[in-house]
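Visitor: What follows is a single structure, and I will ask about it in a moment.
The values are calculated or read from the model by the stated rules, or taken from the named source; none is laboratory data. Please read these numbers as outputs of a predicted model, since none were measured by experiment. Backbone-built Cβ (ideal geometry, glycine too); neighbour counts: all protein chains shown.
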Amino acid sequence: MADKNPFPGENNTGHIWDDNIRELANPIPRWWMLSWWASCAWVVIYVVIYPSFPIGDKAPPGLLGWTQIEEFKEGMAEVEAIRAKYEDQIKGMTAEQILGDAGLSDYTVASVKVLFGDNCAACHGSGGQGAPDFPVIADDDWLYGGGVDKIEESITKGRKGMMPAHGSKLSVEQIDTLANYVVGLSEGKEDPAGKALFMANACFACHGMTATGNQAMGAVNLTDSVWRFTPGGVESAKHTITHGVNFPTDPETREAIMPSFADKLSANEIKKLAVYVYKLGQQ
Ligand code: HEC
Ligand code: HEC
């Protein structure tokens, strides 16, 4: 090789391109080699000290015993310790008392949102704004009462409003008159013929003499412009009067079932949700 080297005495590898581009065999700079060995050593040290690669289905903890899950658990324990202080206080208080304590109610609202999202939002919307045929619980219009104790009762026991179907008892005209009567009430009109039917058919027994509702049985206020069932208005009222609400023998009846959470959530969780929902109505 050496005798064929056109650049005799030069420290090249003998690889030459385009007549004069040569690959030289110079040693790598010392500083570069030192950093290279240092980084190799660092890899070994790191692997030994920290958990680095799985063996089978286990992750060896490393010399320091440090693991991410341990760090996570410590972080969670810290949060739990801060929460425990409040949770213990809440345990001994009624929802009413929590509302009276600004710090505790702030804590309650902040800590219960996830629970609301997991358990309630599917039906009532993520901010309690309701969904078609599921009631709004973020306003100040209540079927069963907006006191925090009533709200707590709604969540604990569940609710199931009942209204009989009137399709087989009343004629189409009578139902039409009644529907127009209740929609008229919400617009400030009074129709004597409608009123007579309202009284004759005992609608007043649940909805009240003035049709303003009865929260003891969840019978809605028919005189305001908030409609429980979509889309509201005359056709919607006709459907409700004809088929009723949760009326077992009518397949077209309105379904209105609020499940009971007594077995799914703890008493503290229900109490906190009641405070949260109550506060939604206050905004
Ligand atoms: C499966 C659907 C569904 C879920 C889940 C649900 N609700 Fe309800 N909720 C309803 C229905 C339907 C009503 C109305 C019942 C009626 O009309 O008689 C209702 C009524 C209520 C009421 C009474 C409203 C009033 O005007 O008096 C409150 C309060 C309430 N829900 C809170 C909650 C909370 C808090 C959760 C979560 C823990 C929740 N609901 C989960 C369907 C649901
Ligand atoms: C046994 C009690 C009961 C009787 C009797 C009754 N209702 Fe109802 N009605 C209810 C309840 C409870 C609801 C609401 C159900 C719910 O939201 O869970 C309701 C809902 C309605 C609605 C729907 C309102 C809306 O906002 O969408 C209309 C309309 C209505 N009733 C009209 C009548 C008329 C007219 C009569 C008489 C023919 C009548 N009701 C008789 C209990 C009754």
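Visitor: Pairs only if they're at least six apart or on different chains, beta carbon under 6 angstrom, first in region 251-267 and more than 17 Å from Tyr144 (Cβ to Cβ), second more than 8 Å from ligand 1 (Cβ to nearest atom) and not in a loop (DSSP other than H, G, I, E, B); list them, first residue then second.
Guide: As it stands, the answer is Glu252/His243; Thr253/His243, since those pairs meet every condition given.
Visitor: If Leu222 meets every condition in (1) in contact with a His (Cβ under 7 Å, 6 or more places away or on another chain); (2) away from ligand 1 (no atom under 11 Å from the Cβ); (3) over 19 Å from Asn180 (Cβ atoms) apart from one, which number is that one?
Guide: (3)
Visitor: For region 143-164, name all the residues that are within 10 Å of ligand 2 (Cβ to nearest atom) and either in contact with a His (Cβ under 8 Å, 6 or more places away or on another chain) or aliphatic (A, V, I, L, M) (or both).
Guide: Scanning region 143-164 gives Leu143, Met162, Met163.
Visitor: Same structure, new question: Name every residue in region 58-106 that is more than 26 Å from the chain's Cα centre (by Cα), surrounded by 10 or more Cβ atoms within 10 Å (Cβ to Cβ) and under 17 Å from Glu269 (Cα atoms), in order of residue number.
Guide: Within region 58-106, none qualify.
Visitor: Within region 135-144, restricting attention to residues that are in contact with a helix residue (DSSP H, G or I) (Cβ under 8 Å, 6 or more places away or on another chain) and more than 6 Å from ligand 1 (Cβ to nearest atom), which residue is nearest to Thr253 (Cα to Cα)?
Guide: Top of the filtered list is Val136.
Visitor: Can you pull out every residue in region 138-155 that is surrounded by 16 or more Cβ atoms within 10 Å (Cβ to Cβ) and small (Gly, Ala, Ser)?
Guide: Correct list: Ala138, Gly146, Ser154.
Visitor: Residues Val277, Val226, Val234, Val220: which one is assigned by TED's automatic domain parsing to the domain that holds Asp118 and either at pLDDT 95 or above or within 23 Å of Lys150 (Cα to Cα) (or both)?
Guide: Going through Val277, Val226, Val234, Val220 in turn, just one is assigned by TED's automatic domain parsing to the domain that holds Asp118 and either at pLDDT 95 or above or within 23 Å of Lys150 (Cα to Cα) (or both): Val277.
Visitor: Can you name every residue in region 193-203 that is hydrophobic (A, V, I, L, M, F, W, C) and either surrounded by 16 or more Cβ atoms within 10 Å (Cβ to Cβ) or modelled with pLDDT under 95 (or both)?
Guide: Answer for region 193-203, where residues must be hydrophobic (A, V, I, L, M, F, W, C) and either surrounded by 16 or more Cβ atoms within 10 Å (Cβ to Cβ) or modelled with pLDDT under 95 (or both): Leu197, Phe198, Cys203.
Visitor: Which numbered condition trips up Asp140, out of (1) part of a loop (DSSP other than H, G, I, E, B); (2) within 15 Å of ligand 2 (Cβ to nearest atom); (3) among the charged types (D, E, K, R); (4) closer than 16 Å to Leu280 by Cβ?
Guide: It fails just one condition, (2).
Visitor: Given the criteria more than 8 Å from ligand 2 (Cβ to nearest atom) and surrounded by 15 or more Cβ atoms within 10 Å (Cβ to Cβ), does Leu273 qualify?
Guide: Spelling it out, Leu273 is indeed more than 8 Å from ligand 2 (Cβ to nearest atom) and surrounded by 15 or more Cβ atoms within 10 Å (Cβ to Cβ).
Visitor: I need the full set of residues from region 231-245 which are surrounded by fewer than 16 Cβ atoms within 10 Å (Cβ to Cβ) and near ligand 2 (Cβ under 8 Å from one of its atoms), in order please.
Guide: Result: Gly232, single match.
Visitor: Take the residues in region 156-192 that are within 16 Å of ligand 1 (Cβ to nearest atom) and outside any loop (DSSP other than H, G, I, E, B), then tell me which one is surrounded by the most Cβ atoms within 10 Å (Cβ to Cβ).
Guide: Only one residue tops the list, namely Met163.
Visitor: Give the residue that is farthest from ligand 2 (Cβ to nearest atom), with candidates limited to residues of region 216-225 that are surrounded by 17 or more Cβ atoms within 10 Å (Cβ to Cβ) and part of a loop (DSSP other than H, G, I, E, B).
Guide: Selected residue: Thr223.
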